[in-house]
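Working notes, structure below.
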Amino acid sequence: MTDTTVTPVSAKPAKSILEIDARTKKRNAAEKRFKAYGIAAICVGLFFLVALLWAIIQNGTPAFTQTYVTLDVELLEEKLDKTGERDIEAIKKVSTFGYKPLIQNALVDATEGMETEIEDKNLAKLLSDSAAAQIRDYVIANPDQIGETVEFTVLASSRVDGYLKGRVTREDLARDKNLSPDHLDLIDQMVEDGSVERIFNWAFITGADASEKRPESAGIGVSMIGSFFMMLVVLILALPIGVAASIYLEEFAPQNRFTDLIEVNISNLAAVPSIVFGILGLAVFIQFAHLPQSAPIVGGLTLTLMTLPTIVISTRASLKAVPPSIRDAALGVGASKMQTVFHHVLPLAMPGILTGTIIGLAQALGETAPLLLIGMVGFIASNYPEGVASGFLDPNSAMPAQIYEWAKRADPAYYERAWGGIIVLLVFLLTMNIIAIILRRRFERRW
Amino acid sequence: MSFMKLTASSLAIAAVSATSAAARDNVQVAGSSTVLPYASIVAEAFGENFDFPTPVVESGGSSAGLKRFCEGVGENTIDIANASRAIREKEIVACAEAGVTDIIEVRIGYDGIVFASQIDGPEYTAFTQSDLFNALAPKVMVDGELVDNPHTKWSDFNADLPDAEILAFIPGTKHGTREVFEENVIAVGCEETGAHDAMIAGGMSEDEAEDACLAVIGDGRSVDIDGDYTETLARIDANSNGIGVFGLAFYENNTDKLKVATMAGVEPSTESISTGEYPVSRPLFFYIKAAHIGVIPGLKEFAEFFVADEIAGPDGPLAEYGLVSDPALADTQMMISDEQTMTN
């Protein structure tokens, strides 16, 4: 045994936690890289979100203003009421075509002194076709005004509106047969004059859809009512059915093969593509039950099928989240099973249930695919429902279907309205989600 | 629970009102998406001028509309079917089997089909049927012989056309427009170039040759568009070499993006289509269930209003939108007022 065999106590340990070795470096680098990926992913997501919102706002905001023309129209007695007896039936006989000369005269008067080479008969192209109907409605409501000169604020045509919004230029109109660049020169003079102005477009939010000849008067209001009635059906059916089913499954049902099967099926239903529910709705509600086509009640029933699994799953999750000690305590002081559930468990689970329901409703509100098959797309929503029953049963459209319909139409003015419709729809969805968040924040309990 | 009671009672109300909804007071129309804009323009004007409610107009295609039309007679079936083609014999039979025996056929006017391209794209300004046949048929005549289509550029067969890749966006086979395109353009070109005769000389029967003349090549030179004209427009926007098939009304609403080509030297316009000079056009129809007249309030008034001179005439709103008015409109008006049904 020699000295050499003695291993000297090393002053330097093989490893130090203060010194980073190659392996640790590698692990740290991997962590840094992963963080960078994460940040990059968020940035990409944010970029697309901003780009999308920017595109929507950029394209959609013009739909919320509309150009109107103020005109003094002389309601000539010899045109509107030849007999002079103010007989309402005789006045109704004069169709909107009979009002065209009055509008033309009013436009000739309004543009007097302005430089233009447009023939008198082409002046009316500045205005929407709805102008004649608006004046006719006024005359029928106020027959005593015949013979007077009344001031009307009527819609300008969609191309004039597009010009003031920068969508239509003189070059665009070179080959257009609806409007000529001369009309735009006249519009410039009328804007200076103050008789043409762009104001906030309430009619877009409250109005009915219009035909392709008058995009300027189209609004999303009627399809909003359609969506409202559909959501009402979904709420009335899906909430009680969904909550009852989940309470039974979660609190009362025995654990056996049959309930397992039901559970698996509910989870699978949530993943079924929505178009499948559309086909089902068509087969069951329209072809078998003979409910009216395009009616919000059918849309609502179809969307109920789609929303049910969402509500059941979220309700069961929030029932599960209620601690068992609550149930034990209630049962311990002598409450029955049902009293336990309805007096203690359900109130505590309510915020979760409501959140799930609202998110399910928001999803249903934005759904188009099932509506394609039950005739709510490709339909002109031009009539306001006359009451509650007619709201459910008369043909109507829904907001996303209306947007799709507008995007398909030929006139570029409808394109702008489709984007505007998206903004309205997004506002609704955002509101519903905010309500869901507030409910959760306010009533949530932590244990 | 009162909530449960509320739910139950509202369900009951819904069920009761569903049965009471049978009495219908509005006219219901469904069918061709080509006719939809015209029908909705008329429906809107009808609602404004009459005390009847605005008719309900749906689209879905000519065939789908006629199928619903032929489901039977009664308030839960539609009153009018729009179609961009005439009703077929077997549809009339299907109608009759379901009890729809009295049908009034109304021709509302003509629709022109135009060929248009990007406004800044190559100079596609003049086509003939032969040009489109040479570009798009699977077999064409080259130096007097029938061969597999060798053309990749328009200038390959017609030096007057631009030196650009052949790329055509044509309506898919489910569209009525496709039929018009095949019959009035490709088949005519087939005859003109002599391919039809060459096929018969090659041993085909007359019928086989006629069918072969309707074929369109599908290897990227022509693209079927199953959507509507907005989709074709988007494709044209993205491909400056492309030419697309549009309805006249659609083109006239988008003259800022599209330029139109003449067909056999004729510029498409409402005038040239109504005189029959422009070769690619088709009649548009709607069909009325005669059994519903007098039962559905406003049905006959709506039909009469549709073909009235002030609506469907040459200066009416339909012509302004792009419909080519029918020179024989007066006969149609007469037919509706007499409730003259189709005779088989």
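The values are calculated or read from the model by the stated rules, or taken from the named source; none is laboratory data. Keep in mind it's a predicted model, so treat the numbers as computed, not measured. Don't worry about glycine lacking a Cβ; one is built from the backbone with ideal geometry, like all the others, and counts go over all protein chains shown.
In this structure, is residue B:61 surrounded by 19 or more Cβ atoms within 10 Å (Cβ to Cβ) and in contact with a strand residue (DSSP E or B) (Cβ under 6 Å, 6 or more places away or on another chain)? Considered against the rule, which asks whether it is surrounded by 19 or more Cβ atoms within 10 Å (Cβ to Cβ) and in contact with a strand residue (DSSP E or B) (Cβ under 6 Å, 6 or more places away or on another chain), residue B:61 comes out as no.
Any idea how many residues of the range A:326-355 are buried (at least 17 other Cβ atoms within 10 Å of the Cβ) and of a type in the set (Gly, Ala, Ser)?
Initially, the range A:326-355 is screened for residues buried (at least 17 other Cβ atoms within 10 Å of the Cβ), giving A:327, A:330, A:340-341, A:344-346, A:348-349, A:351-355.
Still in the running and of a type in the set (Gly, Ala, Ser): A:330, A:349, A:352.
Looking only at that region, the number is 3.
Working only within the range B:292-314, note down all residues that are facing chain A (nearest Cβ under 10 Å) and over 12 Å from residue B:108 (Cα atoms). The one that is facing chain A (nearest Cβ under 10 Å) and over 12 Å from residue B:108 (Cα atoms): B:310.
When you check residue A:381 against the structure, is it surrounded by 20 or more Cβ atoms within 10 Å (Cβ to Cβ), closer than 30 Å to residue B:41 by Cα and under 24 Å from the mean Cα position of the chain (by Cα), yes or no?
So residue A:381 fits the description; yes.
In the range A:43-116, counting only helices (runs of 4 or more DSSP H) that sit wholly within it, the ones holding 2 or more residues that are within 14 Å of another protein chain (Cβ to nearest Cβ) span A:88-93, A:100-110.
Picking from residues in the range B:225-267 that are under 19 Å from residue B:162 (Cβ atoms) and of a type in the set (Ser, Thr, Tyr), the one that is farthest from the other protein chains (Cβ to nearest Cβ) is B:240.
Residues in the range B:320-341 that are within 11 Å of chain A (Cβ to nearest Cβ) and assigned to a helix (DSSP H, G or I) were compared, and the one that is farthest from residue B:286 (Cα to Cα) is B:320.
With the requirement that a residue be in a loop (DSSP other than H, G, I, E, B) and either of a type in the set (Asp, Glu) or free of Cβ contacts under 8 Å to residues at least 24 places away in the same chain (or both), what does the range B:291-307 give you? Steps first, please.
Taking the range B:291-307 as the starting set, the residues that turn out to be in a loop (DSSP other than H, G, I, E, B) are B:294-295, B:297-298, B:307.
Across the range B:291-307, the qualifying residue is only B:294.
Could you run through the range B:139-196 and say how many residues are outside any helix (DSSP H, G or I) and β-branched (Val, Ile, Thr)? Outline the logic, then answer.
First, pick out the residues of the range B:139-196 that are outside any helix (DSSP H, G or I): B:139-153, B:157-175, B:194.
Narrowing further to those that are β-branched (Val, Ile, Thr): B:140, B:142, B:147, B:152, B:166, B:170, B:173.
Qualifying residue count, the range B:139-196: 7.
How many residues are basic (Lys, Arg) and within 10 Å of another protein chain (Cβ to nearest Cβ) if we restrict to the range A:160-177?
Step one: of the range A:160-177, the residues basic (Lys, Arg) are A:165, A:167, A:170, A:175, A:177.
Imposing the further condition that a residue be within 10 Å of another protein chain (Cβ to nearest Cβ) reduces the set to A:167, A:175, A:177.
Residues flagged as basic (Lys, Arg) and within 10 Å of another protein chain (Cβ to nearest Cβ) within the range A:160-177 amount to 3.
Being in contact (Cβ under 8 Å) with a residue 40 or more places away in the chain, assigned to a strand (DSSP E or B) and closer than 30 Å to residue B:168 by Cα: is that true of residue B:130 here? Spell out the reasoning first.
On the way: in contact (Cβ under 8 Å) with a residue 40 or more places away in the chain: yes; assigned to a strand (DSSP E or B): no; closer than 30 Å to residue B:168 by Cα: yes.
When the stated conditions are applied, residue B:130 does not pass them.
Out of B:73, B:142, B:114, one residue alone is more than 24 Å from residue B:336 (Cα to Cα) and surrounded by fewer than 20 Cβ atoms within 10 Å (Cβ to Cβ). It is B:142. Looking at A:241, A:247, A:262, A:236, just one residue is farther than 23 Å from residue A:343 by Cα, at pLDDT 90 or above and either in contact with a His (Cβ under 6 Å, 6 or more places away or on another chain) or part of a helix (DSSP H, G or I) (or both), and that residue is A:262.
The residue of the range A:181-194 that is nearest to the other protein chains (Cβ to nearest Cβ), among those that are touching a residue at least 40 places away in the same chain (Cβ under 8 Å) and crowded, with 18+ Cβ neighbours inside 10 Å, is A:183.
Among the residues of the range A:173-208, which ones are out of contact with any Pro (no Cβ under 9 Å at 6 or more places or on another chain) and closer than 25 Å to residue B:315 by Cα? Answer for the range A:173-208, where residues must be out of contact with any Pro (no Cβ under 9 Å at 6 or more places or on another chain) and closer than 25 Å to residue B:315 by Cα: A:175, A:176, A:177, A:178, A:179, A:180, A:181, A:182, A:183, A:184, A:186, A:187. Condition check for residue A:161 on (1) of a type in the set (Asp, Glu); (2) surrounded by fewer than 21 Cβ atoms within 10 Å (Cβ to Cβ); (3) part of a helix (DSSP H, G or I): one failure, at (2).
I'd like to verify a number: residues in the range B:239-257 that are hydroxyl-bearing (Ser, Thr, Tyr) and over 20 Å from residue B:283 (Cα atoms), how many?
Keep residues of the range B:239-257 that are hydroxyl-bearing (Ser, Thr, Tyr), which gives B:240, B:251, B:255.
Imposing the further condition that a residue be over 20 Å from residue B:283 (Cα atoms) reduces the set to B:240, B:255.
Number satisfying all stated conditions: 2.
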